[in-house]
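Working notes, structure below.
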Amino acid sequence: MIKGVILDFDGLIVDTETTWYEAFKEVFWENHHINLDLKGYSRCIGTGNDVLYRYFREIAGDSVNCELLEDHAAIRYEKLMQAPVLREGVQDYLVEAKQNNLKIALASSSSKDWVHTYLEKLNIIDYFEVINTKDDVSNIKPDPELYNKTLYDLELSPEETIVFEDSLNGLSAANEAGIRCVIVPNRVTSNLKFENYEYRINSMGEISLNDLLKKLDRI
């Protein structure tokens with residue numbers, strides 16, 4: 001019986017990932033005349049900057065200043081993300097989970113300040129019983145530590161929990177933790193080859209949480 005749900009943040013609750021991609025794409029073209037490949041970039045989503053910087057060096061050379069590129073991209077990102085919005089159906093899922101007395105948690109490889117700022121701005125922070133970020137663990141996704149800690153904090157077993165993710169790294173982390181995972185890709189991650197997931201939907205507006213849980217019970 002499902003007693004809790006764990007949500008990723010970036011790209012799942014708010015589609016920050018598409019905005020970051022557009023910002024980095026502009027910066028790479030302006031500075032290096034390189035067309036940032038969507039497929040290559042999307043494989044870096046859901047983990048830390050070390051993976052992203054490694055990809056940047058692969059396509060632009062070892063001398064590329066990754067920090068400077070990120071600073072320039074951040075300026076564009078802020079302009080594009082002045083009024084963040086929840087992805088379709090997110091609010092409905094949070095409401096349904098609360099109505100069904102499910103425990104709700106968030107597990108993100110981003111920083112606590114980053115996540116809390118958005119959750120407060122979107123007025124959804126009170127839905128979450130547990131919020132774990134990269135500041136709470138030694139290893140981020142695809143390592144399972146974030147999910148293992150979140151299960152511990154929720155006092156739930158993997159069998160009692162469902163994870164919602166939008167990235168390969170998040171899916172790998174959930175699988176390593178033994179938690180069933182529902183994939184909800186965004187525009188940047190929709191091209192990825194997801195495998196070994198429990199269910200896939202295009203958005204949380206596609207099916208209600210109650211109906212989804214019923215389907216999962218029959219799988």
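Just a few scattered comments:
- For Tyr147: the one exception among (1) out of contact with any Pro (no Cβ under 9 Å at 6 or more places or on another chain); (2) crowded, with 19+ Cβ neighbours inside 10 Å; (3) over 20 Å from Thr19 (Cβ atoms): (1)
- Unique match (being of a type outside the set (Val, Ile, Thr) and under 26 Å from Ser157 (Cα atoms)) among Leu102, Leu86, Leu122: Leu102
- Subset of region 103-152 [part of a loop (DSSP other than H, G, I, E, B), in contact (Cβ under 8 Å) with a residue 24 or more places away in the chain and within 24 Å of Ser172 (Cβ to Cβ)]: Ser108, Ser109, Ser110, Ser111, Phe128, Thr133, Ile140, Lys141, Pro142, Asp143, Pro144
- Residues being of a type outside the set (S, T, N, Q), surrounded by fewer than 16 Cβ atoms within 10 Å (Cβ to Cβ) and more than 28 Å from Pro142 (Cβ to Cβ) - total across region 86-119: 3
- Looking only at region 22-61, and only at residues there that are part of a helix (DSSP H, G or I), touching a residue at least 60 places away in the same chain (Cβ under 8 Å) and of a type in the set (Ser, Thr, Tyr), the one that is nearest to Leu168 (Cα to Cα): Ser42
- So Thr19, is it in contact with a Leu (Cβ under 6 Å, 6 or more places away or on another chain), closer than 30 Å to Ile162 by Cα and of a type in the set (Ser, Thr, Tyr): yes
- Residue check for Ser190: over 12 Å from the mean Cα position of the chain (by Cα) and within 30 Å of Lys25 (Cα to Cα): yes
- The set of residues in region 154-169 being part of a helix (DSSP H, G or I) and either more than 21 Å from Asn139 (Cα to Cα) or within 17 Å of the chain's Cα centre (by Cα) (or both) consists of Glu159, Glu160, Leu168, Asn169.
- Odd one out for Ala97 among (1) in a helix (DSSP H, G or I); (2) of a type in the set (A, V, I, L, M); (3) under 13 Å from the mean Cα position of the chain (by Cα): (3)
- Candidate set: region 1-21, residues that are charged (D, E, K, R) and at pLDDT 90 or above; chosen: the one farthest from Lys112 (Cα to Cα): Lys3
- In region 62-78, the residues that are at positive phi form no Cβ pair under 7 Å with any partner that is modelled with pLDDT of 90 or more, whether six or more places apart or across chains.
The values are calculated or read from the model by the stated rules, or taken from the named source; none is laboratory data. Everything quoted here is computed from the prediction, not taken from an experiment. Methodologically, a virtual Cβ is constructed for each residue, glycine included, from the backbone with ideal geometry; neighbour enumeration extends over all protein chains shown.
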